[in-house]
1. Would you check if there is a residue in segment 77-89 being assigned to a helix (DSSP H, G or I) and among the basic types (Lys, Arg)?
2. Does segment 94-103 include one or more residues that are among the charged types (D, E, K, R), at negative phi, out of contact with any helix residue (DSSP H, G or I) (no Cβ under 8 Å at 6 or more places or on another chain) and at pLDDT below 95?
3. Taking the options 312, 240, name whichever one is modelled with pLDDT under 95, crowded, with 18+ Cβ neighbours inside 10 Å and not charged (D, E, K, R).
4. Among the residues of segment 36-56, which ones are surrounded by fewer than 24 Cβ atoms within 10 Å (Cβ to Cβ) and of a type outside the set (A, V, I, L, M)?
5. Looking at 178, 134 in this structure, which one is closer than 19 Å to residue 312 by Cβ, in a loop (DSSP other than H, G, I, E, B) and open to solvent by less than 30 Å² (accessible area, probe 1.4 Å)?
6. So, in segment 97-127, how many residues would count as being farther than 13 Å from residue 148 by Cα and assigned to a strand (DSSP E or B)?
7. Would a scan of segment 40-48 turn up a residue that is modelled with pLDDT of 95 or more, farther than 19 Å from residue 277 by Cα, touching a strand residue (DSSP E or B) at 6+ places or on another chain (Cβ under 6 Å) and of a type in the set (Gly, Ala, Ser)?
8. Do you know which of the residues in segment 181-214 that are among the aromatic types (Phe, Trp, Tyr) and assigned to a helix (DSSP H, G or I) is least open to solvent (accessible area, probe 1.4 Å)?
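The values are calculated or read from the model by the stated rules, or taken from the named source; none is laboratory data. Keep in mind it's a predicted model, so treat the numbers as computed, not measured. Cβ: placed from backbone, ideal geometry, glycine included. Neighbour counts: every protein chain shown. These accessible areas exclude ligands, DNA and RNA; they are computed on the full protein's heavy atoms, side chains included. Shrake-Rupley method; radii C 1.70, N 1.55, O 1.52, S 1.80 Å.
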Amino acid sequence: MAFTVEDNPMKTNMKQKYDGNTTAMEVLEGRDLSGKVIIITGANAGIGFETAKSFALHGAHVILACRNTSRADEAVRQILKEWHKAKVEAIALDLASLQSVWEFAETFKSKNLGLHVLVCNAAVFGLPWQLTEDGLETTFQVNHLGHFYLIQLLKDVLCRSAPARIVTVSSESHRFTDIKENSGKLDFNLLSPSKKDYWAMLAYNRSKLCNILMSNELNRRLSPHGVISNALHPGNLIYSSIHHNWWLYTLLFTLARPFTKSLQQGAATTVYCAVAAELEGLGGMYFNNCCRCLPSQQAQNGTDAAALWDLSEKLIQERIGRQGK
């Protein structure tokens, strides 16, 4: 069933504390996250790095899950420069490789840690068409399927660590696309298109729609076990590294930079979804500027969310079966 604002259980008892100018550090003011373990994908730069730094400086044990290990190690060093007692480390994770996702999960589980927050932050944007080693279009796999598989591998740890949260960084661009064919069924060819049918912006928008559908279905399945899931839009025109693959967007963001949010402001909604006391036990929602809002009608469609879940499981099983996992 789709949520409406009137259905929101927080509506009558929660005042809006923050706005688009709030920073991640302001959201965490006065918080002690000692004993909390947090994984953040794509945390070596941009919003992901600011999110990781903010958590680490408030006592959490933070794991940077990144493809580029040298940049991840440098990000760890930067955080330790700010506070030498910070608990922060990097583990290699390439979301474009299901094998790498599996190896990351095994490495993490071997540490015998809890997991209180998993932030699915990593994303690619503006890539030319290319297939991953698993035979899927890269934007779809990195932005959606890799995260989906990561959650499947870590959900038992999350449940054992409950109360726990999954936070997925989506985008308002999810509103400008569709992932269904004319018959109303989910269309795999729209999610992982051929080269002739590929447009980078649409691929990104579709992956961001998948993020919200996945988050809602995760909440339906895991909230009975104490794990809630919410999705968010970090803010408009944030100057980050995500646009570096496309020169036109690099130019656009450079020209707009004086009017954009800072990365600390961009990280605020992620941090809010991860730690806000008023969200305890509440999931299946979408946030923008630390405020709940309604996503698109398709993003609220429970049937589509279940269909995407089933398709994602099938795609993974087909591939990990070939790999012997």
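1. Within segment 77-89, the subset assigned to a helix (DSSP H, G or I) is 77-82.
Filter once more, so that each one left must be among the basic types (Lys, Arg): 77, 81.
Checked segment 77-89: at least one residue is assigned to a helix (DSSP H, G or I) and among the basic types (Lys, Arg).
2. First, pick out the residues of segment 94-103 that are among the charged types (D, E, K, R): 94, 103.
Now narrow it down to the ones that are at negative phi: 94, 103.
Within this subset, residues satisfying the condition of being out of contact with any helix residue (DSSP H, G or I) (no Cβ under 8 Å at 6 or more places or on another chain) are 103.
From the residues that got through so far, the ones that are at pLDDT below 95 too are none.
No: zero hits.
3. Working: 312 fails: modelled with pLDDT under 95.
After applying the criteria, what remains is 240.
4. Of everything in segment 36-56, those that are surrounded by fewer than 24 Cβ atoms within 10 Å (Cβ to Cβ) and of a type outside the set (A, V, I, L, M) turn out to be 36, 46.
5. Working: 178 fails: open to solvent by less than 30 Å² (accessible area, probe 1.4 Å).
Within the list 178, 134, the selection yields 134.
6. Counting residues in segment 97-127 that are farther than 13 Å from residue 148 by Cα and assigned to a strand (DSSP E or B) gives 1.
7. Within segment 40-48 (the criterion being modelled with pLDDT of 95 or more, farther than 19 Å from residue 277 by Cα, touching a strand residue (DSSP E or B) at 6+ places or on another chain (Cβ under 6 Å) and of a type in the set (Gly, Ala, Ser)), the answer is yes, since at least one residue qualifies.
8. Going through segment 181-214, the residues among the aromatic types (Phe, Trp, Tyr) turn out to be 188, 198-199, 204.
Retained after the next criterion (residues that are assigned to a helix (DSSP H, G or I)): 188, 204.
On the way: 188: 69, 204: 28 Å².
Restricting to residues being among the aromatic types (Phe, Trp, Tyr) and assigned to a helix (DSSP H, G or I), the top hit is 204.
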